[in-house]
1. Mind jotting down the distance between the C-alpha centroids of region 125-188 and region 295-338, whole Å?
2. Just Thr256, Thr58, Thr74 to compare: in a GNM of the chain, with alpha carbon springs under 10 Å, which one fluctuates most?
3. Report the calculated FRET efficiency for Val325 and Glu150 (r = Cβ-Cβ distance, R0 = 56 Å), to the nearest 0.05.
4. Assuming 1.567 mPa s and 4 °C, estimate D for region 69-172 with Stokes-Einstein, Rh taken as the Kirkwood radius over Cα pairs, in µm²/s.
5. Could you work out the per residue convex hull volume over the alpha carbons of the chain, in cubic angstrom?
6. Can you compute the FRET efficiency between Ala44 and Ile192 using 1/(1 + (r/R0)^6), with r the Cβ-Cβ distance and R0 = 51 Å? Round to the nearest 0.05.
7. Within the P(r) computed for region 1-150, what percentage of the Cα pairs occupies the region above 28 Å?
8. Residue by residue through region 81-92, what is 3J(HN,Hα) from phi via Karplus (6.51 cos²θ - 1.76 cosθ + 1.60, θ = phi - 60°)? Round to whole Hz and write x for glycine and proline.
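No lab work stands behind these numbers, since they all come straight from the coordinates. A quick note: this is a predicted structure, and the numbers were derived from the prediction, not measured. Cβ coordinates were reconstructed from backbone atoms using ideal geometry, including for glycine residues, and neighbour counts include every protein chain displayed.
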Amino acid sequence: MEKAALVPSTEKRKADHIRINLEENVQFPRLSNQLERYHFLHEALPELNLQHVETQLTLFGKQLSAPILISSMTGGTAIAARINQNLALAAKQMGIAMGLGSQRAMLEDPTLMDSFSVRAVAPDILLFANMGVVQLNYGYDEEDFIRAAEQVGADGLILHCNALQEAVQAEGDHDFSGLLAKIQKLCRKSPIPIIAKEVGWGFSEATVRALAEAGVAAVDVAGAGGTSWSEVEARRAPDEHHAQLAASFADWGIPTAEALGYAQKAAPELPIFASGGLRDGVEMAKCLALGATLGGFASPFLRAADHSSDAVVDLIRLIQRQLQVAMFCCGAADLAALRHKPLLKR
């Protein structure tokens, strides 16, 4: 199959996504991430020095100062280049992980590569490349995906699974058949870890199990409760039919807390990234206690990066400090101890 020609509106679509997320309320109208249902058992005498509470970890051979992931967001347009540079500068300064946005446009139009190229400013961060898994059915193969990761110097490759978003887009790609076999082939060939990621509707237990059997190295559950991409697509729909179609799925999905539970049950040996509506370091601490390795944030970092790298640094510092205080107040001296702290369910 020949590679699909670049849709003329690809760059505009990327810019629309950024604009809509920055200017409009596209959160789930009613469905939450369900993390409010959990709370830590407070320890009035934690027998710890707050300054000695440690948030460091090692993942895929890289040392991180905190289990914070700047989740995949954008690329392929001029404003995305500035945002990614600000995110990468902050990730380097604070020693955390970062994911790039979908790189399909970069493969089809090499002039867009600059918007994804962050290694010059952040040579040592844990960096994840990103491709939409459905493109394996639309003219791309595992060599193309590996090349996308190599071109940005990534340490891992995220495969984003966005079936609902594609289904409600007027220009969406709808053939998601036969992808598990192709994921397995990619995992066998790739020299770097492959991470499967939802985009805000969560993975079921059966899907995580199937992905683990296919050979992925980690799963980002990206559950419901944060940004609703059906709401985003409803706002950029070209006609009333597509607007109504997308809007009808505004509260669709598996909440983040539930998706995390499914992933832990299906693949307890895999690193699990928890994203989808996380608001602060306290919610991230809950996810870590529920078994996550990293907590991913997108919308809060997008808004900060639209201002400056310093604003992103300030937000990272706040999230890390919130995590430390939560660990301190439940008596966890490090991340290993946090995983064994009980969470009470309301």
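1. Cα centres, region 295-338 to region 125-188: 29 Å.
2. Residue with maximal mean-square fluctuation among Thr256, Thr58, Thr74: Thr58.
3. Working: r = 40 Å, r/R0 = 0.72.
Plugging the Cβ-Cβ distance into 1/(1 + (r/R0)^6) gives 0.90.
4. Values: Rh = 13.8 Å.
The diffusion coefficient I find is 94 µm²/s.
5. On the way: hull volume 42.6 nm³, N = 346.
Residue-normalised Cα hull volume stands at 123 Å³.
6. On the way: r = 46 Å, r/R0 = 0.89.
Plugging the Cβ-Cβ distance into 1/(1 + (r/R0)^6) gives 0.65.
7. Details: 4097 of 11175 pairs.
That tail contains 37 percent of the Cα-Cα pairs.
8. Couplings: 4, 5, 4, 5, 5, 5, 5, 5, 4, 5, 4, 5 Hz.
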